1. Here are some conditions: (1) over 15 Å from residue 133 (Cβ atoms); (2) of a type in the set (A, V, I, L, M, F, W, C); (3) near the ligand (Cβ under 9 Å from one of its atoms). Residue 104 meets all but one. Which one does it not meet?
2. Any chance the range 47-67 includes a residue that's β-branched (Val, Ile, Thr), modelled with pLDDT of 95 or more and surrounded by 10 or more Cβ atoms within 10 Å (Cβ to Cβ)?
3. Select from the range 68-80 the residues that are in a loop (DSSP other than H, G, I, E, B) and exposed (fewer than 14 other Cβ atoms within 10 Å of the Cβ) and write down the one among them that is nearest to the ligand (Cβ to nearest atom).
4. Could you give every pair whose Cβ atoms fall below 6 Å, whose first residue belongs to the range 89-109 and is under 18 Å from residue 122 (Cα atoms), and whose second residue is of a type in the set (A, V, I, L, M, F, W, C), counting only separations of at least 6 or pairs across chains?
Amino acid sequence: MKALVIPTAMILIWVLISMSCSGKNETTPIPIPEPSTGQQAPQPVVTPEPVAITPVSDDPGFKLIEGADCLACHKIDAKVIGPSYQDVAAKYTESDIDQLAQKIIEGGKGNWGDIPMTPHEGLSKDNAKQMVKYILSLKK
Ligand code: HEC
């Protein structure tokens, strides 16, 4: 019996060694060392602006603006037909709320160019003021 045990054990050891060796050989090429892009994580690319605008859209003034035709001519941060709301916010202060609300209702031109804003006669003064308060809140 002993004569059989030793060669069997040696065969087993060889099998184990060759298996563990071939196992290592299979795992060694697996490492994918391309961390060169690791430092350019995509997170910093995300600009904070959309994040800043999202909570603002809960503003009742923004809801009114969204529900009216304003955004056809105005954008928050870019001139379309009318000036951007950020530009309007930079030009005026709280003391202009009344006058600006009146302008939205009556329409008019001259403060930003020759293109007139259409009148919004159906709009109540309170709602117009609410819109202006939101626009002025965009002041940077
Ligand atoms: C037909 C396009 C148009 C629509 C619709 C429109 N606007 Fe305007 N808006 C303009 C233009 C053009 C001006 C610049 C007027 C000027 O030069 O005085 C302007 C100016 C303004 C101003 C600044 C006014 C001033 O005297 O500086 C505010 C505030 C404003 N719009 C808010 C609104 C709101 C709120 C609405 C929606 C109820 C609205 N706009 C809808 C075109 C539009």
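The values are calculated or read from the model by the stated rules, or taken from the named source; none is laboratory data. Because the structure is a prediction, the values reported are computed rather than measured. Don't worry about glycine lacking a Cβ; one is built from the backbone with ideal geometry, like all the others, and counts go over all protein chains shown.
1. Here residue 104 clears every test but (1).
2. Yes, the range 47-67 contains at least one residue that is β-branched (Val, Ile, Thr), modelled with pLDDT of 95 or more and surrounded by 10 or more Cβ atoms within 10 Å (Cβ to Cβ).
3. Step one: list which residues in the range 68-80 are in a loop (DSSP other than H, G, I, E, B), which gives 68-69, 73, 75-78, 80.
Next, from what is left, pick out any that are exposed (fewer than 14 other Cβ atoms within 10 Å of the Cβ): 69, 77-78, 80.
Working: 69: 4, 77: 15, 78: 13, 80: 8 Å.
For the range 68-80, the residue satisfying everything is 69.
4. Pairs that qualify, where the first residue is under 18 Å from residue 122 (Cα atoms) and the partner is of a type in the set (A, V, I, L, M, F, W, C), are 100/132; 101/128; 101/132; 104/128; 105/123; 105/128; 107/117.
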